[in-house]
Amino acid sequence: MLIKLKAPLAPCIGRRTASQPNKIERLNVDKFQQQADVLTRLISEMVLCIPKEWTKGSLTIDCVDGVHITYKLKSEGEPGTASISEKLRDLIDEMYVRDMESGNFWIKAKISFQINGDGLECQSSFEYPPPKARTKPFWKFW
């Protein structure tokens, strides 16, 4: 089965530093490979958890408080219900922990899929918490 990903993974491969403009500093390559690895394994396991009749669906992962993770695997208008395996739960946890360790703090992730013949097309999206307002220290008066 062919899996095509349309995912906002780590976009940054390198950057120029201010101190050495001719040298490119490598960034996020290991993070990208780790994220792509766990996402690929997660999608493969997700496909095993859905009914054979499904042609499309989505896995939604929520973690608003940074502690409790909730997830739903569903498809609108498709017959049957999905059963989330223990391995899929572990992969969801692994993806969340790896992203947090690499500084990718998201509160909601959605992995949508569509099965086309012998292939699978997936698209992932992430929702991030709103930025915190910067407060000035109590001893500053400006």
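Here are some notes:
- Of all residues in the stretch 19-62 being among the charged types (D, E, K, R), under 26 Å from Asn116 (Cβ atoms) and part of a helix (DSSP H, G or I), the one that is modelled with the lowest pLDDT: Asp37
- The test for being at pLDDT below 95, of a type outside the set (Gly, Ala, Ser) and assigned to a helix (DSSP H, G or I) does not hold for Asp65.
- Residues of the stretch 78-106 that are under 24 Å from Lys132 (Cβ atoms) and in a loop (DSSP other than H, G, I, E, B): Ser102, Gly103, Asn104, Phe105, Trp106.
- Once the stretch 87-142 is narrowed to residues that are among the charged types (D, E, K, R), at pLDDT below 90 and surrounded by 10 or more Cβ atoms within 10 Å (Cβ to Cβ), the residue that is nearest to Thr60 (Cα to Cα) is Asp99.
The values are calculated or read from the model by the stated rules, or taken from the named source; none is laboratory data. From a predicted model like this one, the values you see are computed outputs, not experimental measurements. Using ideal geometry, Cβ is built from the backbone for each residue, glycine included, and neighbour counts are taken over all protein chains shown.
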